[in-house]
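Step one of this worksheet: look at the structure below.
The values are calculated or read from the model by the stated rules, or taken from the named source; none is laboratory data. These numbers were taken from a predicted model, which means no experiment stands behind them. Note that each Cβ is placed from the backbone with ideal geometry, even for glycine, and that neighbours are counted across all protein chains shown. Just so you know, the surface numbers come from the protein's heavy atoms only, side chains and all, with ligands and any DNA or RNA stripped out. Shrake-Rupley method; radii C 1.70, N 1.55, O 1.52, S 1.80 Å.
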Amino acid sequence: MNTPTLRAADLIESIAAALQYISYYHPADFIAHLARAYEREESAAARDAIAQILTNSKMCAEGHRPICQDTGIVNVFLKVGLGVRFGDGFDAGLQAVVDEGVRRGYLNSGNLLRASVLADPIFERRNTQDNTPAVVHVELVPGNQVDVTVAAKGGGSENKSKVAMLNPSDDIVEWVLKTVPTMGAGWCPPGMLGIGVGGTAEKAVLLAKQSLMDDIDMYELLQRGPSDKLEELRIELYEKVNALGIGAQGLGGLTTVLDVKVKTFPTHAASKPIAMIPNCAATRHAHFVLDGSGPAYLEPPSLDLWPDVHWAPDYNKSRLVNLDTLTPAEVASWQPGQTLLLSGRLLTGRDAAHKRIQDMLAKGERLPVDFTNRVIYYVGPVDPVRDEAVGPAGPTTATRMDKFTEMMLEQTGLIAMVGKAERGPAAIESIRKHKSAYLMAVGGAAYLVAKAIKAARVLAFADLGMEAIYEFEVKDMPVTVAVDSNGANVHESGPRAWQARIGSPPGISLSRSKA
């Protein structure tokens, strides 16, 4: 048998190239399924959101810039053939070689990717500045090749991961239908669900993550019909989850998931461990094989794969808002579900900035930014390249700022907020109490949103990097009124209305008994 030699330089180059590739190219199967979802979508709000995601996707493919500002934490799955010999460059270990590939991929000057990984997860939480280390999984298998899958998992979807230790008699479908609504929309649907069942707790989670690397094939499965019980389960879960009416971005609609994947492993007689991990609208993964002949490079997809969808601001249906003259009275006049186009000066800030503001206010210190009658955007942008004012700058999950909402509205003069997904009950009550509003931007449309940002400068907390407080100059930035000044919440009303409209899938009852 030929014994190939794996060179560290080849693995490094291949990983770096793959990370660049997946930052701006959606998988072809995802585009095909999302395009079908767009064509069949009947909810105007959800259809508009999908149009933004599809438009953003093609813009990124053409411009070689990240699909999402959250360029993810890197997961690398290595299946190493037992006939492979490790050559020069592995003295520091496999983890160090993989991390060097990640470092080069993320610091590529032509397409800078956001560094989101923090060292010391409990105390210091210091940004490593190059998105290392990666999460590496290694399996020894027969053969003389190295099979590599690289994925970049966004925090918004990863944070919605669920794991449970079910009883053997517990029903999987029942658990999924109970659990999915608790995930909210912070995982940026429509995407896919990966489900792992069996093994032990950690094995179930790994199975769920690995299932997300499989091709999306639900359309083909529905066309040919199931060939075994596992495929029957996938179809049932797909239909019943979509019947919940959550829809794109949680606004209500026909498509919440494009596919559901299920992987299993033998387990203890007393156990039924299960894990569920969603993949967001920024699905990013790639596969390649190294055989000792050199680095692997992925072929760019044809731009003809993308549908003829070109989202643009609708000036006939949208309300123009001047942020520089905005008043509390104008904010109070906004209606739930209304589309706004924001222009003027927009502040930014997310977790770390809010925590620092909280600490300064507790000490009686003067804030470095005046928030009076201002709007804050929950975002951590990618660094700009070439002539960009800012790199991709889509919204981050707003619920993480819920704990700070009362403080910001009560003590700083802030009058509105922009983020993605729903707000929790306490934040909604603060919004109602202070006659504020929460505006939703589309997660998964980061490059499209960035095109509305004409200038950017750091105002405070520069040491926080992407979590610093910026001031953006925006022109016609699209948002939707998700929570109005009376506390009306479209993330509740939209899915509720569409669940009632969809009803149970044909021949299926949502009150399904044990299976």
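Structure notes:
- Anisotropy class of the range 39-98 from Cα gyration tensor, a/c 1.5 cut: prolate
- Helix-only arithmetic for the chain: the sum of -39500 (n - 2.57) across DSSP H runs with n ≥ 4, divided by the residue total, places the mean residue ellipticity at 222 nm at -9500 deg cm²/dmol.
- To the nearest 10, the accessible area of Arg319 is 70 Å² with a 1.4 Å probe.
- Overall, the accessible surface of the range 306-376 at a probe of 1.4 angstrom is composed of carbon and sulfur to the extent of 48 percent.
- Remark: relative contact order (the chain) = 20 percent; criterion is Cα-Cα distance under 8 angstrom and separation of 6 or more residues.
- Given charges at Cβ of Lys, Arg, Asp, Glu: the chain dipole, positive-most of Ala286, Tyr438, Pro189: Tyr438
- Span from the the range 433-459 Cα centroid across to the the range 170-185 one, whole angstrom: 31 Å
- Working note: Karplus 6.51/-1.76/1.60 with θ = phi - 60° gives the range 202-217 the couplings 6, 5, 4, 5, 5, 4, 4, 5, 5, 5, 6, 7, 6, 4, 6, 9 Hz, where Gly and Pro are set to x.
- Interchain or long-range residues, amide H under 5 Å from Arg319's placed H: Thr339, Leu340, Leu341
- Counting only Cβ charges, +1 for Lys and Arg and -1 for Asp and Glu, the dipole size of the range 110-253 around its Cα centre is about 520 debye.
- By the rule of a C-alpha distance below 22 Å, with chain neighbours fewer than 8 residues away ignored, the lysines paired with Lys475 are Lys58, Lys317, Lys420, Lys451, Lys454.
- Backbone geometry of the range 403-413 corresponds, through the Karplus equation with coefficients 6.51, -1.76 and 1.60 at θ = phi - 60°, to 3J(HN,Hα) couplings of 5, 9, 5, 4, 4, 5, 6, 7, 10, 10, x Hz, x marking Gly and Pro.
- Taking amide H atoms as placed 1.01 Å from N in the peptide plane, the amide H of Tyr377 lies under 5 Å from those of Leu347, Thr348, Gly349, Val418, each 5 or more residues away in sequence or on another chain.
- Cysteines in the chain that lack a partner Cβ within the 4.7 Å cut-off: Cys60, Cys68.
- Surface accessible to a 1.4 Å probe, Glu42 within the full protein complex, Å²: 110 Å²
- For the range 66-161, size of Cβ-based charge dipole, Lys and Arg +1, Asp and Glu -1, in debye: 240 debye
- Accessible surface comparison of Thr399, Thr149, probe 1.4 Å, protein chains only, largest first: the order is Thr399, Thr149.
- Mean separation of Cα contacts under 8 Å (6+ apart) over length of the range 116-170, as relative contact order %: 19 percent
- Accessible surface, the chain, averaged per residue in Å² (probe 1.4 Å): 41 Å²
- Theoretical FRET efficiency, 1/(1+(r/R0)^6), r = Cβ-Cβ of Tyr315 and Glu365, R0 41 Å, to 0.05: 0.40
- Rounded accessible area of Tyr378 (nearest 10 Å², 1.4 Å probe): 0 Å²
- Amide H contacts under 5 Å for Leu166: Lys272, Ile274, restricted to partners 5 or more places along the chain or on a different chain, H placed in the peptide plane at 1.01 Å from N.
- Lys/Arg +1, Asp/Glu -1 at C-beta; the range 195-322 dipole; positive extreme among Gly252, Leu305, Ser271: Ser271
- Applied to the range 428-443, the Karplus parametrisation 6.51 cos²θ - 1.76 cosθ + 1.60 on θ = phi - 60° returns per-residue 3J(HN,Hα) values of 5, 5, 5, 4, 5, 4, 9, 6, 9, 7, 10, 10, 10, 9, 7, x Hz, with x for Gly and Pro.
- Anisotropy class assigned to the chain is oblate, per the alpha carbon gyration tensor with a/c at or over the 1.5 cut-off and a/b no larger than b/c.
- Across q = 0.15 Å⁻¹, the range 405-469 modelled as identical point scatterers on its alpha-carbon atoms has Debye log10 I(q)/I(0) values of -0.65, in the order of the q list.
- Against the compact-protein benchmark of 2.2 N^0.38 Å, the Cα-based radius of gyration of the range 276-389 scales to 1.66.
- Share of pairwise Cα-Cα distances greater than 16 Å in the range 250-298 is 69 percent (whole percent).
- Two-decimal Rg/Rh across the range 335-411, once Rg and the Kirkwood Rh are taken from alpha-carbon atoms: 1.00
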